[in-house]
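Just dropping this structure here.
The values are calculated or read from the model by the stated rules, or taken from the named source; none is laboratory data. These numbers were taken from a predicted model, which means no experiment stands behind them. No Cβ is skipped: glycine too gets one built from the backbone with ideal geometry, and neighbour counts run over all protein chains shown.
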Amino acid sequence: MLASSLLLGAAHTAAAQGENGQAAIAAGDHTIGDTEIEDRIRRIYNEIAGLQDVAVSVRAGVVRLTGKVAELQVATQAEALASRVEGVVAVTNEIEEETSVSERLVPVYDRLETRLFQSINYFPLFLVALFFWAAVTGVGVLIAHWEWPWNRIAPNAFIANLIRQLVRIVFFVIGAVLALDILGATALLGTILGAAGIIGLAVGFAVRDTVENYIASILLSVRQPFRPKDFIAIEGYEGLVISLTSRATILMEQDGNHIRIPNSTVFKGNIVNYSTNPDRRFLFKIGVGPDCDIDKALETGKRTIRDLDFVLDDPVADGWIDDFGDSTVVLCFTGWINQTETDFLKARSEAMRLVKRALEASGFELPEPTYRLRVDGGVAGGELPRLTSTDTDRAERKSIERAKAESATPKNTSADHDLERRVEEERDARLKGDLLDVAAPKEYGDS
């Protein structure tokens, strides 16, 4: 008896459940007939927009739905509601979608009208949200405008401006979140951020080189491998530094031309800074005859270089045998100068001239290359004549006399500051945009 009661209770509970496990809609306390089911469904449809025109007929608990609706999802909703009514055995959905343009536009007009009235009602709240957004953003702009503490915590002005920009963005986002929370649309923020992330990724691939140069400019401005007016060499380009922008490093070569090198190339490339150490060594080679006294020739050249006023005493000038040629012995001489006082090219040129003069005055032969000419079908049974460009005794005497006649006084080798002056004028014209700071510590240390 107890088991029968439990089975009847379970069957009653199952009948009271609609499809998908949802609770059935009761039609009344007494036994439900087709008329009651039909009346119950019609009353429900009359309370839901878009279902008023759906016709309902019930036979033996089977509901048949007919008519036209504006959207198919409305027909699906009508079927779901009918299936949940108590006493319904099955639902036959014969509802069709309305294809008339005029009828289809009616719901659109209704929705637009509803949205318009909602917007009007939300307008005061929208103004409040806009006010808070502007207020928070304004506070961020004001804080970012302060020189302290950003200039104090940042290594240079460029990083300080970057931090200021980040502060503005943070306050802008906080204001946007607060405004959306006032409007009750915080869920929209996730969609906006997701779309911004996708767009940012696409833009990042499109401007990859620009982003790489910008990041390189940040690192270069922090490391400061060179300063304005430093003479540097980067990947085969030489010149004085004019400025470091957010995209490129600008040099002025010795001919006065401008060279723009992308910062990514500068950051990854080899940089030779000739201005970090003011002392610089010059080097040149000269050939003497193989039969001369090599030791005396080396000593003559080194003594000549050491006696020059523009050559430093420490490190001392030096010389050595560099190579043996076909008709010469190649000697190499070096000396050190102070670049801030002496022009490198002028000093090297003057040292070469005076060493050559000293060697010739001391009787050392500076031979030219000797060539041997062979003529096929020429003199038979004998050696072919040798043609040589070696100086004859007469020519040698004339060369020595000319060398003695030359002035032994060194010419002007002072540093030329004309190019530096032009670079300074260029920098004065570029009032903004330079990321180099003269007062910032250099990567190689202060010299």
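Sort out which residues of the stretch 210-257 are farther than 16 Å from Asp428 by Cα and assigned to a strand (DSSP E or B), and write them in order of number.
Matches in the stretch 210-257: Phe231, Ile232, Ala233, Ile234, Tyr237, Glu238, Gly239, Ala248, Thr249.
Return yes or no: is Thr210 surrounded by 12 or more Cβ atoms within 10 Å (Cβ to Cβ), under 22 Å from Arg422 (Cα atoms) and hydroxyl-bearing (Ser, Thr, Tyr)?
no
Are any of the residues in the stretch 290-309 hydrophobic (A, V, I, L, M, F, W, C) and under 30 Å from Ser221 (Cα atoms)?
no
Hey, any hits in the stretch 209-228 for a residue that's under 30 Å from Phe132 (Cβ atoms), of a type in the set (S, T, N, Q) and without any contact (Cβ under 8 Å) to a residue 60 or more places away in the chain?
Scanning the stretch 209-228, I find no residue that is under 30 Å from Phe132 (Cβ atoms), of a type in the set (S, T, N, Q) and without any contact (Cβ under 8 Å) to a residue 60 or more places away in the chain, so the answer is no.
In addition: When you go through Phe267, Phe310 one by one, which is the residue that is part of a loop (DSSP other than H, G, I, E, B), in contact (Cβ under 8 Å) with a residue 40 or more places away in the chain and in contact with a helix residue (DSSP H, G or I) (Cβ under 8 Å, 6 or more places away or on another chain)?
Exactly one residue qualifies, and that residue is Phe310.
Restricting attention to the stretch 70-84, which residues are hydrophobic (A, V, I, L, M, F, W, C) and farther than 27 Å from Gly33 by Cβ?
Across the stretch 70-84, the qualifying residues are Ala70, Leu72, Val74.
Looking for something among the aliphatic types (A, V, I, L, M), assigned to a loop (DSSP other than H, G, I, E, B), more than 12 Å from Ile286 (Cβ to Cβ) and over 45 Å from the mean Cα position of the chain (by Cα) - is there at least one such residue anywhere in the stretch 361-372?
Among the residues of the stretch 361-372, not one is among the aliphatic types (A, V, I, L, M), assigned to a loop (DSSP other than H, G, I, E, B), more than 12 Å from Ile286 (Cβ to Cβ) and over 45 Å from the mean Cα position of the chain (by Cα), which makes the answer no.
Which one is nearest to Gly301 (Cα to Cα) among residues in the stretch 324-334 that are in contact with a strand residue (DSSP E or B) (Cβ under 6 Å, 6 or more places away or on another chain) and not β-branched (Val, Ile, Thr)?
So, considering only residues that are in contact with a strand residue (DSSP E or B) (Cβ under 6 Å, 6 or more places away or on another chain) and not β-branched (Val, Ile, Thr), the one nearest to Gly301 (Cα to Cα) is Phe333.
Taking into account only those residues within the stretch 102-158 that are of a type in the set (Phe, Trp, Tyr) and within 30 Å of Gly50 (Cβ to Cβ), which is modelled with the lowest pLDDT?
Among those residues, the one meeting the criterion is Tyr109.
Scan Lys229, Lys302 and give me the residue that is buried (at least 17 other Cβ atoms within 10 Å of the Cβ) and on the phi > 0 side of the Ramachandran plot.
None of the other options fit; the residue is Lys229.
Among the residues of the stretch 335-347, which ones are in contact with a strand residue (DSSP E or B) (Cβ under 8 Å, 6 or more places away or on another chain) and either surrounded by fewer than 18 Cβ atoms within 10 Å (Cβ to Cβ) or more than 18 Å from Asp307 (Cβ to Cβ) (or both)?
Asn338, Gln339, Glu341, Asp343, Phe344 - these are the residues of the stretch 335-347 that are in contact with a strand residue (DSSP E or B) (Cβ under 8 Å, 6 or more places away or on another chain) and either surrounded by fewer than 18 Cβ atoms within 10 Å (Cβ to Cβ) or more than 18 Å from Asp307 (Cβ to Cβ) (or both).
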